[in-house]
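For reference, the structure discussed in these notes is given below.
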Amino acid sequence: MTPGAGTAVRLRVLVGPHQGDGCAVLDRDARCAVVSLPGLAGVRRTALDAVPGWVAACVGLGPRPAAAPLGTLVAGRAEADALLSGHPGALAGAPAPWRAALPTSSNEVLAHWTLWTAEYALEIVDTGRCGLWHLHPADPALVAAEGTIGEDLVAIQPTTATQVWRVLCAVFCPDQ
Amino acid sequence: MTGAPFPLRLPPRWREGPVVDGWRTAGPVSGPRPRPALLYRPVDSGESPAPTPRDLGDGLCARLPGGYVDLLVLDRSDTACRDGHPAHRVLSTHLSGVDSLTTEHWFVAGTGRVHLLVAVLPTARYAVLAPLAERALRSFREPPPGEAP
């Protein structure tokens with residue numbers, strides 16, 4: 001592989017079976033990647049289509065109950081983290097359907113990880129029996145509709161392992 | 001091929017293939033390998049009472065890891081076909097030789113029996129093929145009783 005010729009996909013696992021930082025440099029022409037992941041010994045070269053499975057294993061992606069279709073909740077970064085870790089004060093301020101769906105303890109967070117490229121980022125909180133949650137920068141139009149202002153607002157939406165897998169495949173195996 | 005129509009609506013330029021080990025098969029007529037495939041067969045557990053789709057999903061998840069390389073069970077959920085038949089799906093990935101494959105198993109509750117639908121997709125093209133496969137699986141129409149699979 002020609003150094004610098006590939007796309008870099010970075011991973012940060014804050015909570016999970018294997019915590020730490022990782023990186024995959026993709027060579028689409030050769031359909032391979034050089035990968036370094038938390039929990040993986042050393043730097044490894046592998047086919048592009050194997051990388052989604054390696055990342056899924058690294059972050060513990062697996063079957064989870066699907067949360068109810070709640071739409072989108074917009075919150076400041078700190079509040080979002082508190083909500084997804086079951087902080088009682090944060091939960092008290094959430095709409096009732098969200099209070100019923102969110103975890104009630106930080107012990108329920110199985111994994112929290114972010115995957116990003118230069119163009120895209122995917123942040124997932126895995127709360128086990130309470131399901132998977134996708135965090136992303138809040139849409140400015142949604143923020144205006146909610147009547148909130150301020151910086152560093154995030155949107156929280158329930159998601160599924162299937163949807164996460166689809167994104168992983170699209171990120172690591174584009175244009176196939 | 002059998003005389004009965006394939007019980008799934010196939011994506012454009014997909015055709016039914018040969019029956020293999022009791023499975024009816026279908027796939028694209030051309031394209032890069034590994035090619036995606038749709039598989040169908042009715043389930044005859046011989047048990048009474050008959051297992052539910054979720055029971056069969058449990059059994060599959062227990063068996064899969066021992067039979068495949070680097071297998072991960074990614075997701076499970078209850079779903080339904082367009083005609084209302086309830087189903088239980090299992091999404092998994094594994095290595096087959098040098099290729100990674102992503103597989104959807106759907107156990108569909110029919111009239112007096114369960115049907116097994118399978119979509120085997122190359123992981124390299126999963127993002128593009130998944131919507132096609134889901135439409136095909138959801139289009140399942142139960143063959144009439146007594147019709148040879």
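Look at residue B:136 and say whether it is open to solvent by less than 20 Å² (accessible area, probe 1.4 Å), part of a helix (DSSP H, G or I) and away from every other protein chain (no Cβ under 14 Å).
Details: open to solvent by less than 20 Å² (accessible area, probe 1.4 Å): yes; part of a helix (DSSP H, G or I): yes; away from every other protein chain (no Cβ under 14 Å): yes.
In short, yes.
Looking at A:46, A:72, which one is open to solvent by 20 Å² or more (accessible area, probe 1.4 Å), under 17 Å from the mean Cα position of the chain (by Cα) and among the polar types (S, T, N, Q)?
Answer to the selection: A:72.
How many residues does segment B:1-34 contain that are within 15 Å of the chain's Cα centre (by Cα), open to solvent by 30 Å² or more (accessible area, probe 1.4 Å) and not hydrophobic (A, V, I, L, M, F, W, C)?
The number of residues fulfilling the criteria is 4.
Of (1) in a helix (DSSP H, G or I); (2) of a type in the set (A, V, I, L, M); (3) under 25 Å from residue B:122 (Cα atoms); (4) open to solvent by less than 40 Å² (accessible area, probe 1.4 Å), residue A:61 satisfies all except one. Which?
Result: residue A:61 passes all but (1).
Got at least one residue in segment A:2-19 being within 14 Å of another protein chain (Cβ to nearest Cβ) and either out of contact with any helix residue (DSSP H, G or I) (no Cβ under 9 Å at 6 or more places or on another chain) or farther than 29 Å from residue A:104 by Cβ (or both)? Full working, then the answer.
Within segment A:2-19, the first condition is being within 14 Å of another protein chain (Cβ to nearest Cβ), and the residues that meet it are A:17.
Restricting the remaining residues to those that are either out of contact with any helix residue (DSSP H, G or I) (no Cβ under 9 Å at 6 or more places or on another chain) or farther than 29 Å from residue A:104 by Cβ (or both) gives none.
Looking for residues that are within 14 Å of another protein chain (Cβ to nearest Cβ) and either out of contact with any helix residue (DSSP H, G or I) (no Cβ under 9 Å at 6 or more places or on another chain) or farther than 29 Å from residue A:104 by Cβ (or both), one finds none in segment A:2-19, hence no.
Test residue B:72 against the stated conditions and say whether it is more than 17 Å from residue B:115 (Cβ to Cβ), in contact with a Leu (Cβ under 9 Å, 6 or more places away or on another chain), open to solvent by less than 30 Å² (accessible area, probe 1.4 Å) and within 14 Å of another protein chain (Cβ to nearest Cβ). Walk me through it before giving the result.
Details: more than 17 Å from residue B:115 (Cβ to Cβ): yes; in contact with a Leu (Cβ under 9 Å, 6 or more places away or on another chain): yes; open to solvent by less than 30 Å² (accessible area, probe 1.4 Å): no; within 14 Å of another protein chain (Cβ to nearest Cβ): yes.
Taking the combined requirement at face value, the residue does not satisfy it.
For residue B:97, indicate whether it is in contact with an Asp or Glu (Cβ under 6 Å, 6 or more places away or on another chain) and either in contact (Cβ under 8 Å) with a residue 60 or more places away in the chain or open to solvent by 10 Å² or more (accessible area, probe 1.4 Å) (or both). Spell out how you get there, then give the answer.
Working: in contact with an Asp or Glu (Cβ under 6 Å, 6 or more places away or on another chain): no; either in contact (Cβ under 8 Å) with a residue 60 or more places away in the chain or open to solvent by 10 Å² or more (accessible area, probe 1.4 Å) (or both): yes.
So residue B:97 fails the test.
The values are calculated or read from the model by the stated rules, or taken from the named source; none is laboratory data. Computed from a predicted model, the values in this text were never measured in an experiment. Cβ sites come from the backbone with ideal geometry, for glycine too, and all protein chains shown count toward neighbours. Heavy atoms of the whole protein, side chains included, go into the accessibility calculation; ligands, DNA and RNA do not. Shrake-Rupley method; radii C 1.70, N 1.55, O 1.52, S 1.80 Å.
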